[in-house]
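Notes for the one structure printed next.
The values are calculated or read from the model by the stated rules, or taken from the named source; none is laboratory data. None of the values given here were measured: they were computed from a predicted structure. FYI the Cβ positions are ideal-geometry reconstructions off the backbone, even for glycines, and counts take in every protein chain you see. To get the accessible areas, we keep the full protein, side chains included, count just its heavy atoms, and leave off ligands, DNA and RNA. Shrake-Rupley method; radii C 1.70, N 1.55, O 1.52, S 1.80 Å.
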Amino acid sequence: MTTVDRAVPPGADLPEHADFLWRNPEPKRSYDVVIVGAGGHGLATAHYLAKNHGIRDVAVLERSWLGGGNMCRNTTIIRSNYLWDESSAIYEHSLKLWETLEEDLGYPILFSQRGVLNLAHSLQDVRDSVRRVEANKLNGIDAEWLTPDEVKKVCPIVNTSQELRYPVLGATYQPRAGIARHDYVAWGFARRADEAGIDIIQDCAVTGFRTAGDRITGVRTTRGDIAAGKVVLCAAGTTTVLTDMLGLRIPVQSHPLQALVSELLEPVHPTVVMSNHVHVYVSQAHKGELVMGAGVDPYNGYGQRGAFHVIERQMAAAVELFPVFARAHLLRSWAGVVDVCPDASPVVGKTPYEGLYLNCGWGTGGFKATPGLGWSLAHMIANDEPHPCIAPFGLDRFVTGALIDEHGAAGVAH
Amino acid sequence: MQLITCPYCGPREEAEFHYGGQAHVPHPADPGSLSDEEWAHHLFFRDNPRGPFAERWVHALGCRRWFNAVRDTVSYRFHHIYRLDQARPETP
């Protein structure tokens, strides 16, 4: 185990709780750029608009509180071992930014590069995994194929017995992958954006849009109308509620995605383990909780909760893979609302409305993309042209047929 | 676990059912005449409302028959369940 030290009690290395990191200004009547959604993506976009492009007349509108949606509900896994070139480019761009983000933000985000294992449990899993490792290598991403014995060396608590119903036949391993403290990431971006003069306005729900012909001229909110030169949607599961107001159809469906944590435990789990086949993923947070999740609930839902039988199945998989978890207690479970695309890849790009930019469809994997997306989206807003990393992810791919099918590497069944 | 009332079998546990997405999406009358854009919308674009939603379900581990339901996507409550040959009931 590389990342744990038994002499330090769990949580001792955590920073003190945050005091006030940003102002709570009244909204101005007009901004150059209005970003809808103060989650990770919205805040990162604001930060990079100021830092990379000097655009500071920006408001980030949030209907509830900052980082209170999927940003505080995800399982914080960061990796870039996706199959296709398009996905590799954006996720690896993001991972490189994660590696220096703490210095960039001047704020601890507890990014821990403890690696990720993606287990294979069938011959088809093995073939797909080896193919993905080779694809990753061609894209300059660290990836290895591990045998069951090597899996056991990286993560001793995984049950590699070949007697299991779905035995571990090997795993892909990305050593640079890891986890970060999601709340601190949101707060770090928010603090930097606020310092740059960007207004973060909470408790401000968008209720409509102002348009002039095919051009967006502003938003209507619960705190009055706000004029905007450009409007950027970073609203994840709520995106289509917004685009419906414009009659704009987006090919995403909102689903509950559940996650759960155990009570605080001694450090037992040195890495991140994901299994598509028996379907669970597990890491151990810095404080000591086991953080677990799996696939979305099958039906559309905005309720931020899911069905119990879904997590019951995940727990069965977790206990089979990690017998040491059998006597751990589940502390709490929750759900986010994730917007899923037919090809399990995001939609980022321009829209038929001039000045309206779309960022949605990240489904179950948006957290890891936070800095890379923010960087690329800020580029698109500043230049009115997509950054090369996000150019393939426009809405037009559903017409051209150039889909980016990441159902295999997305890690989560949709 | 939520009970779903199959129109043929009566109330059964949610785990016996599979979800089929938006209901009342007709196959194009003249597929050959569709533009690429129209095909994209037919294949990939579905409503995603916050609130009542007419959708398809199948009683996969029971009678294996498809039916429609109007369900609230926030409360997850089923308002109406009806056979495929019935029209969508009035709101909600």
| query | What residues have an amide H closer than 5 Å to that of A:Tyr31, excluding those fewer than 5 places away on the same chain, when H is modeled at 1.01 Å from N in the peptide plane? | reply | A:Ala227, A:Ala228, A:Gly229
| Environment charge of A:Leu169, counting only residues whose C-beta is closer than 14 Å and scoring Lys/Arg +1, Asp/Glu -1 | -2
| request: Provide the per residue accessible area, probe 1.4 Å, for chain B, rounded to a whole number of square angstrom. | output: 57 Å²
| remark: Over chain B, the quotient of the Cα radius of gyration and 2.2 N^0.38 Å is 1.20
| task | Work out which GluC sites (Glu not before Pro) in chain A are exposed loop sites (DSSP not H, G, I, E or B, at most 14 other Cβ within 10 Å) and give the longest gap free of them. | result | A:164-414
| More than 24 angstrom apart: percent of Cα pairs within the stretch A:182-281 | 50 percent
| Rounded to the nearest 500 deg cm²/dmol, what is the calculated helix-only ellipticity per residue at 222 nm for chain A, with -39500 (n - 2.57) per DSSP H run of length n ≥ 4? | -8500 deg cm²/dmol
| How big is the gap, in Å, between the Cα center of the stretch A:222-252 and the Cα center of the stretch B:41-92? | 26 Å
| GNM flexibility winner over chain A from A:Ala328, A:Ala190, A:Ala44 (Cα, springs under 10 Å) | A:Ala328
| note | Both in Å, the radius of gyration and Dmax of the C-alpha trace of chain A are 20.8, 66
| message | Tell me the net charge near B:Asp85. Cut-off is 15 Å between Cβ atoms, B:Asp85 excluded, with +1 for each Lys or Arg and -1 for each Asp or Glu. | response | +4
| message | Cross-link candidates for A:Lys137: which lysines have Cα within less than 19 Å, leaving aside residues fewer than 8 places away along the same chain? | response | A:Lys96
| Shape call for the stretch A:259-304 from the C-alpha gyration tensor, a ≥ b ≥ c root eigenvalues: rounded (a/c under 1.5), prolate (a/b greater than b/c) or oblate? | oblate
| task | Could you pull the Cα extents of the stretch A:294-414 along its three principal axes, largest to smallest, in whole Å? | result | 55, 27, 26
| query | For A:His407 and A:Arg23, FRET efficiency with R0 = 56 Å and r from the beta-carbon atoms, rounded to 0.05? | reply | 0.85
| Among A:Asp214, A:Asp104, A:Asp297, whose mean-square fluctuation peaks in a Gaussian network model of chain A (Cα, cutoff 10 Å)? | A:Asp214
| query | Roughly how crowded by other chains is peptide B:34-45, in terms of the mean Cβ count from those chains within 10 Å of each of its Cβ atoms? | reply | 4
| note | With +1 on the Cβ of every Lys and Arg and -1 on the Cβ of every Asp and Glu, the dipole magnitude of the protein assembly as shown about its Cα centre, in debye rounded to the nearest 20, is 760 debye
| List the cysteines of the protein assembly as shown that have no other Cys Cβ closer than 4.7 Å: which are they? | A:Cys72, A:Cys155, A:Cys204, A:Cys234, A:Cys341, A:Cys360, A:Cys389, B:Cys63
| task | Per DSSP H run of n ≥ 4, the term is -39500 (n - 2.57); total these for chain B, divide by its residue number, and report the mean residue ellipticity at 222 nm rounded to 500 deg cm²/dmol. | result | -3000 deg cm²/dmol
| Nearest 0.05, what FRET efficiency do A:Val241 and A:Ala316 give at R0 = 56 Å with Cβ-Cβ as r? | 0.95
| Distance from the stretch A:120-167 to the stretch A:190-216 (C-alpha centre basis), Å | 44 Å
| What order do A:Thr243, A:Thr217 take when sorted by accessible area (1.4 Å probe), most exposed first? | A:Thr217, A:Thr243
| field | Local net charge near A:Gly301, Cβ-Cβ under 15 Å (Lys/Arg +1, Asp/Glu -1) | value | 0
| task | With viscosity set to 1.306 mPa s and temperature to 10 °C, compute the Stokes-Einstein D of the stretch A:73-188, Rh being the Kirkwood radius across alpha carbon pairs; µm²/s, no decimals. | result | 104 µm²/s
| Nonlocal amide H pairs with B:Gly51, under 5 Å, H built at 1.01 Å | B:Thr73, B:Val74
| message | I need the phi-derived Karplus couplings for the stretch A:20-27: 6.51 cos²θ - 1.76 cosθ + 1.60, θ = phi - 60°, integer Hz, Gly and Pro marked x. | response | 7, 10, 8, 6, 10, x, 5, x
| field | Estimated vicinal HN-Hα couplings, Hz - the stretch A:380-385 in sequence order (Karplus 6.51, -1.76, 1.60; Gly, Pro = x) | value | 5, 5, 5, 9, 6, 9
| message | Report the Cα-based extents of the stretch B:33-87 along its three principal axes, largest first, to the nearest Å. | response | 38, 27, 22
| Magnitude of the Cβ-charge dipole of chain B, K/R +1 and D/E -1, about the Cα centre, nearest 20 debye? | 420 debye
| query | For chain A, modelled as a Gaussian network with Cα springs under 10 Å, which listed residue fluctuates most, A:Arg79, A:Arg223, A:Arg192? | reply | A:Arg223
| query | At a probe radius of 1.4 Å, what is the per-residue accessible area of A:Trp65, in Å² to the nearest 10? | reply | 150 Å²
| At the nearest 100 Å², what buried accessible area, both sides summed, do you get for A and B when the probe is 1.4 Å? | 2200 Å²
